[in-house]
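Reviewing the structure listed below.
Just so it is clear, none of the values below were taken in a lab; they were calculated from the coordinates. Predicted, not measured: the structure shown is a model, and the values here were computed from it. Cβ placement follows ideal geometry from the backbone for every residue including glycine, while neighbour counts extend to all protein chains displayed.
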Amino acid sequence: MFSPKYSITEKLLANIKRINSLVIGLNYKRFPYPVLVNLERSARDLSTFASTSIEGNPLPLTEVKRILKSAPSHARDSEKEVLNYNQALVELDKKLQKKDAILSLALILHIHRQVTKDLLPPLESGNLRQRPVVVNNPQTSQIVYLPPDYKDVQPLIESLIEFILNNKNKIDSLILAGIFHKQVVIIHPFMDGNGRTTRLATKMLLAQMGVNTFKLFSFENYYNKNVTRYFQSVGEQGNYYELANIIDFTHWLEYFTEGIIDELLRVQKTLPQAITSPETNLQPHLIKLLGYLQVNGFIADRDYAKLVNRAKATRALDFKKLIILKLIERKGKGRATFYVTKATLASLK
């Protein structure tokens, strides 16, 4: 039975209290729906860039954003890593919204299959490793860590999951998520894709336990600022069987919670700019359109034409913008086309 060793230090306790305070502060804020859409997209872009960059993906953030917008059909491996990670984020978010995200071996395997799609042989993608693996120092190429034998991987993962589920109401969720993150890295259950899978599963676990990191921020971003420190903190050196009973999670938990604080503060700082961003700020003519919808329940182009002095092609772009922002949706076809609202005008103030 997995029983991790760690201490509740003053630093760790202070970090947990500060995270709770920052999360409560953010939860009490109310933002226009277009702002939230833009923030979620930015957080997803940043998470995708940071998590793949940690593993050596060379694409800069600007290129990652371009790829996610264009979704090229004939993508290089570096582009596939980006597309796969982003898709996994989107699907996990949907599972969370449906309350269908339950930590299990099957879910971890599903995440791995997503992030390694078309990047690993079929027998390795979405399956626990079936042969030995070593961890090398990326700078010297020397072996620094020997993970457990592949025959022990499944029992170790299942024991970890059992520990997490049995302690959901006994141990702080931040501590549980941090322990899960480091222990999966230590077990090293896959031939490749361990880091990306672990970070996604940790994000899901945090969200499931009430610390939803999907919507507004990217905890992977902190690790990507100093990858060497991240690997030194989350990993171990030596032979797993000699280390298993003496590994202390305390230092990692302090670092793990520091990262969440750092990212929450970044988000807090960027919110004022996001609210006034040209991408999310609704012009007066769009407010008029939404006001009409609020009163009448639907609007056609002929109705909009009576409200504003704008050309037909420009009006079409206005409708398209509000559809992209998920404020309205299109109904009907051709001359029978009309639009209905997805949000009340009150929620946009």
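Which of Asp318, Asp45, Asp262 has the fewest other C-beta atoms within 10 Å, and how do the rest follow up to the most? Provide the component values of the computation, followed by the final result.
Working: Asp318 18, Asp45 21, Asp262 14.
Listing Asp318, Asp45, Asp262 from fewest to most nearby Cβ atoms yields Asp262, Asp318, Asp45.
If you take the beta carbon distance between Val90 and Thr270 as r and set R0 to 22 Å, what does 1/(1 + (r/R0)^6) give as a FRET efficiency, to the nearest 0.05? The formula returns an efficiency of 0.50 here. Spin-label model, Gln283/Met1: points 7 Å from Cα along the beta carbon direction are separated by 6.5 nm. Taking 19 Å as the straight-line reach from the Cα of Lys333, the aspartates and glutamates in range (excluding those fewer than 8 positions away in the same chain) are Asp301, Asp303, Asp318. Each residue, Lys17 and Val227, gets one label point 7 Å from its Cα in the Cβ direction; the gap between the two is 3.7 nm. Per residue, the chain reaches -19000 deg cm²/dmol at 222 nm when only DSSP H runs of four or more residues are counted, each adding -39500 (n - 2.57).
Computed extension length for Ser159-Lys321: 53.5 nm, one decimal, from 0.36 nm per residue of separation with the Cα-Cα distance subtracted. Taking other C-beta atoms within 10 angstrom as a stand-in for reagent exposure, Met191, Met204, Met1 fall in the order Met1, Met191, Met204, fewest first. Under 16 Å of direct C-alpha separation, and excluding same-chain neighbours fewer than eight residues apart, Lys17 reaches these aspartates and glutamates: Asp172, Glu254, Glu258, Asp262, Glu263.
When a/c is below 1.5 the answer is rounded, else prolate if a/b is larger than b/c, else oblate, so apply that to the stretch 1-156 with a ≥ b ≥ c taken from the square roots of the Cα gyration tensor eigenvalues. Note, shape of the stretch 1-156 comes out oblate.
Going from the fewest other Cβ atoms within 10 Å to the most, the residues Thr337, Thr48, Thr140 appear in the order Thr140, Thr337, Thr48.
The chain: D in µm²/s via Stokes-Einstein (Kirkwood Rh, Cα pairs, 10 °C, 1.306 mPa s)?
Numbers: Rh = 22.3 Å.
The diffusion coefficient I find is 71 µm²/s.
Give the residues of the stretch 176-220 whose amide nitrogen is closer than 14 Å to a point set 7 Å from the Cα of Asp262 in the direction of its Cβ. In the stretch 176-220, the label zone of Asp262 (backbone N under 14 Å from the point 7 Å along Cα→Cβ) covers 218-220.
Assuming a ≥ b ≥ c are the square roots of the Cα gyration tensor eigenvalues, decide whether the stretch 284-348 counts as rounded (a/c under 1.5), prolate (otherwise, with a/b larger than b/c) or oblate. In terms of gyration-tensor shape, rounded. Note on the chain: with a GNM built from Cα contacts shorter than 10 Å, the maximum mean-square fluctuation among Glu258, Glu220, Glu91 falls on Glu91.
In a DSSP loop and with at most 15 other Cβ atoms within 10 Å, the trypsin sites (Lys or Arg not before Pro) in the stretch 197-248 are Lys215. Restricting the trypsin sites (Lys or Arg not before Pro) of the stretch 27-128 to loop positions (DSSP other than H, G, I, E, B) with no more than 13 neighbouring Cβ atoms within 10 Å leaves Lys29, Arg30, Arg76, Lys98, Lys99. Between Asn136 and Arg310, the C-beta separation translates, for a Förster distance of 45 Å, into a calculated FRET efficiency of about 0.15. Modelled label positions at Ile171 and Leu105, each set 7 Å beyond Cα in the direction of Cβ, lie 2.0 nm from each other. Can you pick out the pairs among Lys98/Lys269; Lys69/Lys326; Lys94/Lys215; Lys69/Lys94; Lys95/Lys269; Lys98/Lys326 whose Cα atoms lie more than 21 Å from each other? Table pairs above 21 Å Cα-Cα are Lys98/Lys269; Lys95/Lys269.
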